[in-house]
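See structure below.
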């Protein structure tokens, strides 16, 4: 089969970098945090995922030193909020490049809900939220050992809140949560459906 092959260091020779589209769609790290003065911040990160079961650890990458990174460095706490399809518009509004003193909850017209174990608030309308305490902040580096301006923020989940409508016989229904997923292109997002589910048990 014909292949489009390229060395990323030399450019992809395409209208848009395909990397984000190939590794996707990706869950969104919709992260709420507080700065040391208590100013609220809410921002979506497209490089986000879960990394461990026990203890449960999630993480996201901040490309550049953004307000969320500075807040977590100062307070060591954050909350992940599920960006569901009904929350697509406010989620997108919360990614506006604004000054650190701007409250993105207010900017996006979102009500906040107090957390139980951490100080940053949760997005009240989000059907699933996870309160987290930062465990590590790692500056990434290339294969040549040179550091790049991207920081991986990892946090232990210390409290989980799930809308009970998403639990069927005690099992979380992923599609019912309507997670909004980031794809390639400058503004591509995807959703999933029950029709697209395939069940495969691990071989014994």
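Quick check on the range 154-164. Is at least one of its residues over 30 Å from residue 15 (Cβ atoms) and in contact with a helix residue (DSSP H, G or I) (Cβ under 6 Å, 6 or more places away or on another chain)?
No, because not a single residue in the range 154-164 is over 30 Å from residue 15 (Cβ atoms) and in contact with a helix residue (DSSP H, G or I) (Cβ under 6 Å, 6 or more places away or on another chain).
Quickly run through the range 113-159 and pick out the residues that are in contact (Cβ under 8 Å) with a residue 24 or more places away in the chain, under 17 Å from the mean Cα position of the chain (by Cα) and outside any strand (DSSP E or B).
If the condition is that a residue be in contact (Cβ under 8 Å) with a residue 24 or more places away in the chain, under 17 Å from the mean Cα position of the chain (by Cα) and outside any strand (DSSP E or B), then 120, 121, 125, 126, 127 are the ones that fit.
Identify the single condition in (1) surrounded by 12 or more Cβ atoms within 10 Å (Cβ to Cβ); (2) out of contact with any strand residue (DSSP E or B) (no Cβ under 7 Å at 6 or more places or on another chain); (3) on the phi > 0 side of the Ramachandran plot that residue 169 does not satisfy, given that it satisfies every other one.
Looking at each condition in turn, residue 169 falls short on (1).
For the range 173-184, what are the residues that are surrounded by 14 or more Cβ atoms within 10 Å (Cβ to Cβ) and either touching a residue at least 60 places away in the same chain (Cβ under 8 Å) or in a loop (DSSP other than H, G, I, E, B) (or both)?
If the condition is that a residue be surrounded by 14 or more Cβ atoms within 10 Å (Cβ to Cβ) and either touching a residue at least 60 places away in the same chain (Cβ under 8 Å) or in a loop (DSSP other than H, G, I, E, B) (or both), then 177, 178, 179, 180, 181, 182, 183, 184 are the ones that fit.
Taking the criterion of being assigned to a strand (DSSP E or B) and more than 24 Å from residue 66 (Cα to Cα), would at least one residue in the range 186-200 satisfy it?
Yes, because at least one residue in the range 186-200 is assigned to a strand (DSSP E or B) and more than 24 Å from residue 66 (Cα to Cα).
Any read-out appearing in this document is the output of simple, stated calculations on the displayed coordinates, not a laboratory observation. Keep in mind it's a predicted model, so treat the numbers as computed, not measured. For neighbour counting, all protein chains shown are included, and Cβ atoms are generated from backbone atoms with ideal geometry for every residue, glycine included.
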